[in-house]
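The values are calculated or read from the model by the stated rules, or taken from the named source; none is laboratory data. Remember, it's a predicted structure, so these values are computed and weren't measured experimentally. Neighbour counts run over all protein chains shown; Cβ positions are idealised from the backbone, glycine included.
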Amino acid sequence: MTEEKRSRAGNGDDSIYWDKSKNRYIGAISLGHTPAGKRNRPKVSGKTKTEVRAKLREKRKELDAGVNSSATHTVEKAVRAWLSHGLRGCDKGSISTYTSMAEHHVIADLGKARLRDLTVDSVDYWLDEKSMSLAKSSMEMILSILRRSITHAQRRDLILRNVAELVALPEGLPGRPSKSLTLEQAKSLLTTQRDTWVHVYVAVSLLVGIRTEEVRPLTWNRVHLRPSGGVAPHIEVWRSVRRHGETKTVKSRRTLAMPRQLVETLESYQVAQQKRRESLGLPWTETDFVFGTSSGEQRTAENVRRSFRGLLKEAGFPDPKQWTPRELRHSFVSILSDHGIPLEKIARLVGHSTSQTTEKVYRKQIRPVITDGAEAMDEIFSKDASPGTG
């Protein structure tokens with residue numbers, strides 16, 4: 001017999017007893033029977049009666065609030081439940097990022113802890129430890145994952161309060177500041193690997209200034225190389241890699257003229273792409289991705305990043321891993337700024353709602369006073385180098 005003799009508890013009463021097999025005090029609340037006829041007796045345990053009484057009080061609060069926490073429901077289970085059901089509507093890239101951060105930081109560190117035993121102090125300690133190795137943006141993400149996972153559990157009456165909402169976020173390591181290519185570096189890139197898709201990708205990003213998530217899903221029916229009616233050649237930036245294809249903001253939906261040299265590059269590249277598809281026995285249509293794979297699929301961000309760094313290496317950059325494709329957009333702003341383009345025009349070109357946004361994001365790249373994008377890029381780059389024929 002594992003339990004000491006104890007008085008019978010009435011319906012709703014608490015009882016505390018010593019369990020020899022577990023070497024702990026057990027506290028139980030008698031709630032009668034379930035609809036299936038089984039006894040309904042939520043239990044807690046502790047090394048002392050005082051500890052058990054405190055846990056019983058907390059358990060009563062949960063029951064009064066309609067919550068029934070489980071001793072087997074861990075942080076890992078809560079996070080995985082949120083990853084499975086709380087990210088509906090997010091694009092694949094976001095889901096992949098959240099999953100990776102959850103696996104490597106939240107589940108790896110806190111996963112085995114019982115959700116109901118998680119305390120403010122334990123979360124504070126965890127965040128302090130992570131702040132020694134993670135940048136502020138990563139700190140914000142992992143805390144958000146924990147908070148949202150616990151909130152998801154709260155909605156299912158698995159936990160009473162969200163301790164992650166009660167902590168303050170440490171500063172974390174400073175993030176790597178974005179950089180901008182110099183004019184000479186930009187010209188060097190525009191003369192490297194001219195016969196490749198990544199060269200044309202860089203030319204579009206650098207000479208038109210659209211976002212990486214706007215370049216990858218770009219289709220040929222949005223690229224107007226020979227428009228009628230005297231309209232300048234242009235690109236319609238109307239969709240992105242977001243799940244439903246919408247751009248980041250209303251002002252992100254914009255139509256941008258292209259420099260003459262970029263038009264020539266894209267014309268040659270389009271012909272080469274058509275011939276390549278024909279040689280593979282694949283059809284080519286205007287709805288195909290401009291920078292699609294050989295089979296016509298959209299390239300992943302990782303594929304673009306890897307090819308971009310290969311281009312940087314061939315161009316003689318000392319440390320290609322220190323650069324990312326998004327910095328081509330920063331370079332677009334920087335080069336136009338150095339050329340004297342007004343800030344308000346740059347904001348319109350890059351799709352920002354106000355010039356204040358442009359100034360805030362690209363503060364290190366702009367001058368107080370910043371002609372228009374396509375004309376300026378023709379003037380800037382036609383002096384020495386052109387992107388080539390793709």
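The single condition from (1) closer than 17 Å to M377 by Cα; (2) exposed (fewer than 14 other Cβ atoms within 10 Å of the Cβ); (3) in contact with a helix residue (DSSP H, G or I) (Cβ under 8 Å, 6 or more places away or on another chain) that L336 fails is (2).
Considering segment 152-162, and only residues there that are under 14 Å from T74 (Cα atoms) and in a helix (DSSP H, G or I), the residue that is nearest to the chain's Cα centre (by Cα) turns out to be H152. Look at I95 and say whether it is at pLDDT 75 or above, surrounded by 11 or more Cβ atoms within 10 Å (Cβ to Cβ) and within 30 Å of K130 (Cα to Cα). Judged against the criteria, I95 is a match.
Return yes when V44 is within 19 Å of R116 (Cα to Cα) and modelled with pLDDT under 80 and no when it is not. Yes, satisfied. Residues that are within 20 Å of H199 (Cβ to Cβ) and part of a helix (DSSP H, G or I) within segment 323-350 comprise E327, L328, R329, H330, S331, F332, I335, listed in sequence order. Do we have S149 as polar (S, T, N, Q), surrounded by 21 or more Cβ atoms within 10 Å (Cβ to Cβ) and out of contact with any Cys (no Cβ under 7 Å at 6 or more places or on another chain) here? In short, yes.
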